[in-house]
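Asks: Dumping the structure here so I can ask a few things about it.
Any read-out appearing in this document is the output of simple, stated calculations on the displayed coordinates, not a laboratory observation. Remember, it's a predicted structure, so these values are computed and weren't measured experimentally. Here Cβ is always computed from backbone atoms with ideal geometry, including for glycine, and neighbour counts include all displayed protein chains.
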Amino acid sequence: MILMIKHPRVKNERHLRFIRGLPCCVCHDNTSTEAAHVRYGCMESGKGYTGKATKPDDKWAIPLCGRHHRDQHAMNEKVFWLTVGIDPIKLCEALFAVSGDHEQGERIALNAHTGD
């Protein structure tokens, strides 16, 4: 029998405020940005899957406007990210690495769909 060890969620309100201050990485709207958590797992990045009843660590949040955040939750999440042409795991990692630097974060969010 394999036992799964559940670690407590790591919260980071400072990083979430930073994410909410950036434009939507899909449409670039900067008036209603929400911190959207990426729920699917990526073993290469050490990110485990989190189901609908739990949120991942705040490191795995990216800026989405309200409409795109609802779209993210309304369909299969991997399909959503493929449709908008963004690798959300790489985006989370890039934004977390510059957390607090608004200028760098904005540049990363605005170029997320181009792979820059």
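Asks: If amide H atoms are built 1.01 Å from N in the plane of the peptide, which residues on other chains or at least 5 residues away come under 5 Å of the amide H of Ala36?
Replies: Ile62, Leu64
Asks: Next up: Show the residues, 5+ positions off or on another chain, whose built amide H is closer than 5 Å to the amide H of Asn111.
Replies: none
Asks: Across segment 68-75, in residue order, what do the Karplus-derived ³J(HN,Hα) couplings come to in whole Hz, using 6.51 cos²θ - 1.76 cosθ + 1.60 with θ = phi - 60° and x for Gly and Pro?
Replies: Once rounded to whole Hz, the list reads 6, 5, 5, 4, 4, 7, 7, 10.
Asks: Using only alpha carbon pairs under 8 Å that are at least six residues apart, calculate the relative contact order of segment 13-114 and give it in whole percent. Working shown, then result.
Replies: Details: 159 pairs, mean separation 35.2, N = 102.
Taking the mean separation of contacting Cα pairs over the length of segment 13-114, I get 35 percent.
Asks: Further, regarding this structure: Sum up the charges of everything whose Cβ sits under 15 Å from the Cβ of Cys27, counting Lys and Arg as +1 and Asp and Glu as -1, but leave Cys27 out. Before the final figure, lay out the partial values.
Replies: Values: positive: Arg67, Arg70; negative: Asp29, Glu34, Asp71, Glu106.
After counting each charged neighbour, the total is -2.
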